[in-house]
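The block underneath contains the structure these notes are about, expressed in structure tokens.
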Amino acid sequence: MALKFLSCALFAAFVAVGCGDDSTSGGGGTGGATGGAGGEGGTGGSGVQCDVCTDYGAAVPAAVDEIVNRAATDPQFEADFAPLVMAGDAAVTAFKASLTAFVSDAYGCTTGTYEGPSMVEAHTGLDITQEEYDAFVGLIAGVLADAGVPDDYIGECFAPALTDPTFAADFIGK
Ligand code: HEM
């Protein structure tokens, strides 16, 4: 019950849909290099055709830029990002490039371009809670929505990779 509420609430962070008793939210496309991200060609539960790389691959650097800018100034995350910000603009720029490579690989748009630490290594010591993780995913959804990505596309094609419990487990409680 609690789990169902959580997954419902999380999904609702992406797209305002009702979560009925028997709702089985459709996943996005499958595939992707890092534990099953959005990938290509999948059809979401409401019939959205997911082709993340064709549709939005070129926009990943700009989206990552905005995600990092918002995270670094969001009261919920700024303490975690303060050391990076204190390290200066070059460090922030390098981080954005690395995150761009990770995201591109994760959604299957590129392969093997990410050369940074594992997600467990990168997030160990941050003690990220489930709530913080969910809020971060919500921040990402907000950036995509503000960039004009339709809500159903976000919910069906971008969200499943991030809300996948196996993926999230590398970030939470480390
Ligand atoms: C969708 C979830 C997330 C993804 C895909 C993600 C991705 C990444 C990646 C790829 C790196 C390593 C980059 C590198 O060192 O080259 C990283 C580092 C980091 N992440 Fe995350 N992250 C996520 C969630 C979070 C959350 C929820 C927080 C904080 C609340 C966070 C804070 C950080 C910090 C502080 C670093 C280290 C920055 C530095 O180099 O100083 N991340 N993240």
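The values are calculated or read from the model by the stated rules, or taken from the named source; none is laboratory data. Only a predicted model underlies this, so the values are computations on that prediction, with no experimental measurement involved. Counting neighbours? That spans all protein chains shown, and the Cβs are built from the backbone with ideal geometry, glycine included. Protein only, heavy atoms only, side chains kept; ligands, DNA and RNA dropped before computing areas. Shrake-Rupley method; radii C 1.70, N 1.55, O 1.52, S 1.80 Å.
Give me the extension gain from residue 84 to residue 147: residue separation times 0.36 nm, minus the current Cα-Cα distance, reported in nm with one decimal.
Numbers: separation 63, 0.36 × 63 = 22.68 nm, distance 2.51 nm.
Net length gain for the segment: 20.2 nm.
Rounded, prolate or oblate for region 39-174? Axes are the square roots of the Cα gyration tensor eigenvalues, ordered a ≥ b ≥ c, and the cut-off for rounded is a/c under 1.5. If you can, show how the numbers build up before the last one.
Numbers: a/c = 1.60, a/b = 1.46, b/c = 1.10.
Here region 39-174 falls in the prolate category.
With a probe of 1.4 Å, find how much accessible area region 78-168 has per residue, and write the answer as a whole number in Å².
Details: 4470 Å² over 91 residues.
Accessible area per residue: 49 Å².
What are the GluC sites (Glu not before Pro) within region 70-173 that DSSP puts in a loop, where the Cβ has at most 12 other Cβ atoms within 10 Å?
Working: sites: 78, 115, 121, 131, 132, 156; in loops: 115.
Of the GluC sites (Glu not before Pro), the ones in loops of region 70-173 whose Cβ has at most 12 other Cβ atoms within 10 Å are 115.
Obtain the nm distance between the two label points defined at residue 76 and residue 121 by a simple spin-label model: each point lies 7 Å from its Cα along the Cα-to-C-beta direction.
Result: 2.8 nm between the two label points.
Round to a whole number: what % of the accessible area of region 44-174 belongs to carbon and sulfur, probe 1.4 Å? Each step should come with its number before you reach the end.
Working: 3730 of 6450 Å².
That fraction is 58 percent.
7 Å from Cα along Cα→Cβ at both residue 113 and residue 49: what's the point-to-point distance in nm?
2.4 nm
Taking the Cα-to-Cβ direction at residue 91 and at residue 69 and moving 7 Å from each Cα, how far apart do the two end points lie in nm?
For residue 91 paired with residue 69, the spin-label model returns 2.1 nm.
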